[in-house]
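Worksheet: the structure to be examined is printed underneath.
The values are calculated or read from the model by the stated rules, or taken from the named source; none is laboratory data. Please read these numbers as outputs of a predicted model, since none were measured by experiment. All Cβ positions, even for glycine, are placed from backbone atoms using ideal geometry, and neighbour counts span all protein chains on display. Keep in mind that these areas ignore ligands, DNA and RNA; they rest on the heavy atoms of the full protein, side chains included. Shrake-Rupley method; radii C 1.70, N 1.55, O 1.52, S 1.80 Å.
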Amino acid sequence: MTVDFALRLASAAAQVLGPGTVLIGKDTRLSGYMFEAALEAGFVAAGVNVLLIGPLPTPAVAYMTRRLDCSFGVVISASHNGYEDNGIKFFDREGGKLSDELEQQIEARLEGMPLTRHSRELGRARRVDASRVRYQEYCMSLMPAGMDLSGLKLVIDCANGAAYKVAPRVLADLGADIVPVGASPNGRNINDGCGSTCPELLQLTVPGVRAHAGIALDGDGDRLVMVDHLGRVLDGDQLLYILTAARHAEGSLHGPVVGTVMSNFGLERALRRMGVEFVRVAVGDRYVLAKLKERSGQLGGETSGHIISLDRATTGDGLINALQVLSVMKRTGRSLAELAASMQKLPQVLLNVTVERRFDPLSVPAIAGALRKVEQHLGEEGRVVLRASGTEPVIRVMVEGHDEGDIRGCAEDIAAAVRAAAAAGGPEVAPPLHLGGAGPIIARP
């Protein structure tokens with residue numbers, strides 16, 4: 001990520017997605033100011049008008065792109081990563097992610113010289129920071145009629161990120177007694193010892209101040225984990241269960257619930273008991289979103305806390321999902337601990353095996369044999385997931401079952417077979433996608 005790249009990217013995107021107006025939001029990283037200026041220059045030079053909305057959660061930028069009738073939206077953020085990293089995300093005019101075809105068209109223009117139009121054809125730029133109140137109003141409007149959060153004491157951890165202004169304000173405006181943490185960004189402390197990727201601070205604070213619950217977002221506000229009054233973390237699988245159970249009880253749930261190959265087997269079993277269909281896809285929110293659209297579903301998500309409520313937002317929105325969970329607490333009078341008690345999480349052991357290059361694990365007889373042995377041992381009471389990481393040179397081995405010591409041994413057996421194959425230099429073949437049964441699942445990287 002360099003200024004030159006950001007400038008060329010803006011020019012390429014303008015030629016594919018423009019003309020019109022682009023909304024640019026960002027999180028709180030120090031480098032965000034630099035990339036914001038570079039993108040602004042590239043878009044204006046190419047004849048696209050620019051609206052600068054400042055620090056705002058990624059899902060809020062998606063919403064405001066539609067609300068402000070922009071041609072497309074841009075978010076400068078590296079999500080849950082540290083401040084040293086950064087990234088650039090695009091939304092179309094409906095607040096959805098760009099299609100593969102549009103991304104390819106933009107990439108094809110990246111090597112060209114940035115476009116600079118004649119002076120009378122340049123775009124204009126202006127700040128619209130104050131318009132973020134529209135997103136806050138939208139979040140509040142999603143609460144059930146006549147319901148607020150009065151009587152709830154909540155700790156909100158904003159990860160020193162993009163939600164540090166809007167999240168506390170929404171909760172306070174709804175009447176909650178709030179204790180904010182991770183809400184003092186300095187450009188270098190985003191996701192640093194706080195937020196959804198590091199909930200230990202929240203776990204200490206919630207029981208310490210005798211709060212009813214804690215809310216942890218990540219740096220760009222699209223992920224959510226929560227902490228109950230005893231300081232125990234509820235991950236994305238447990239929160240997805242609470243939302244599903246509430247909608248199922250109301251009779252308002254449509255379509256299947258979508259998870260990934262890494263979603264806890266306990267979630268699948270709990271939903272099965274309710275008679276709710278659960279569908280697994282490859283790891284990644286784009287696959288969850290695609291399956292929800294394909295099957296006309298409403299709810300899906302990942303263990304990490306990236307939950308999509310498609311009838312309320314076009315992408316994962318940590319604040320909106322938190323409000324949904326809090327509304328269930330208010331309506332039922334039950335605590336987070338009580339709401340999650342009906343879903344029993346199964347222990348999971350995840351091992352990462354470093355490899356020099358990807359290969360198809362099932363093409364190696366020793367690995368296939370180790371998988372079959374573990375599958376027979378677990379029967380219908382566990383799962384094995386074996387997949388190559390899409391971002392790191394590792395093959396991930398995950399085994400899930402009732403006894404942690406037992407599944408750790410199973411995972412070590414498979415990992416040992418993978419290490420031996422990696423040392424021997426396995427064939428460089430992308431693993432096929434297989435989502436059948438309770439046996440081995442091989443997910444495409």
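Any chance segment 36-54 includes a residue that's in contact with a strand residue (DSSP E or B) (Cβ under 6 Å, 6 or more places away or on another chain), crowded, with 19+ Cβ neighbours inside 10 Å and within 25 Å of H306 (Cα to Cα)? Checking segment 36-54: at least one residue is in contact with a strand residue (DSSP E or B) (Cβ under 6 Å, 6 or more places away or on another chain), crowded, with 19+ Cβ neighbours inside 10 Å and within 25 Å of H306 (Cα to Cα).
Here's the yes/no breakdown for (1) among the acidic types (D, E); (2) part of a helix (DSSP H, G or I); (3) in contact with a helix residue (DSSP H, G or I) (Cβ under 8 Å, 6 or more places away or on another chain):
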{"residue": "A14", "(1), (2), (3)": "no, yes, yes"}
{"residue": "T28", "(1), (2), (3)": "no, no, no"}
{"residue": "A41", "(1), (2), (3)": "no, yes, yes"}
{"residue": "V50", "(1), (2), (3)": "no, no, yes"}
{"residue": "R66", "(1), (2), (3)": "no, yes, no"}
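Taken together, the residues in segment 315-351 that are within 30 Å of L378 (Cβ to Cβ) and touching a residue at least 24 places away in the same chain (Cβ under 8 Å) amount to 13. Only one of the listed residues (S335, S342, S363) is within 25 Å of A282 (Cβ to Cβ) and among the hydroxyl-bearing types (S, T, Y). That residue is S363. Reported count of residues in segment 93-149, each being closer than 16 Å to M64 by Cα, open to solvent by less than 50 Å² (accessible area, probe 1.4 Å) and β-branched (V, I, T), is 1. Scanning segment 150-177 for residues that are over 20 Å from A60 (Cα atoms) and either surrounded by fewer than 21 Cβ atoms within 10 Å (Cβ to Cβ) or at pLDDT below 95 (or both) yields a total of 6.
The condition (being in contact with a Lys or Arg (Cβ under 8 Å, 6 or more places away or on another chain) and not in a loop (DSSP other than H, G, I, E, B)) is satisfied by just one residue among L292, L386: L386. Within segment 365-385, the set of residues being at pLDDT below 85 and either surrounded by 13 or more Cβ atoms within 10 Å (Cβ to Cβ) or of a type in the set (G, A, S) (or both) comprises just one member, E381. Among the residues making up segment 181-201, a single one is under 19 Å from the mean Cα position of the chain (by Cα) and of a type in the set (A, V, I, L, M): I190. For segment 339-364, a residue qualifies if it is open to solvent by 70 Å² or more (accessible area, probe 1.4 Å), over 25 Å from the mean Cα position of the chain (by Cα) and under 28 Å from H402 (Cβ atoms), and exactly one does: L362. Being open to solvent by 50 Å² or more (accessible area, probe 1.4 Å) and small (G, A, S) is a property that S296 has. Residues in segment 222-234 that are surrounded by fewer than 22 Cβ atoms within 10 Å (Cβ to Cβ) and in a loop (DSSP other than H, G, I, E, B): H229, L230, G231, R232.
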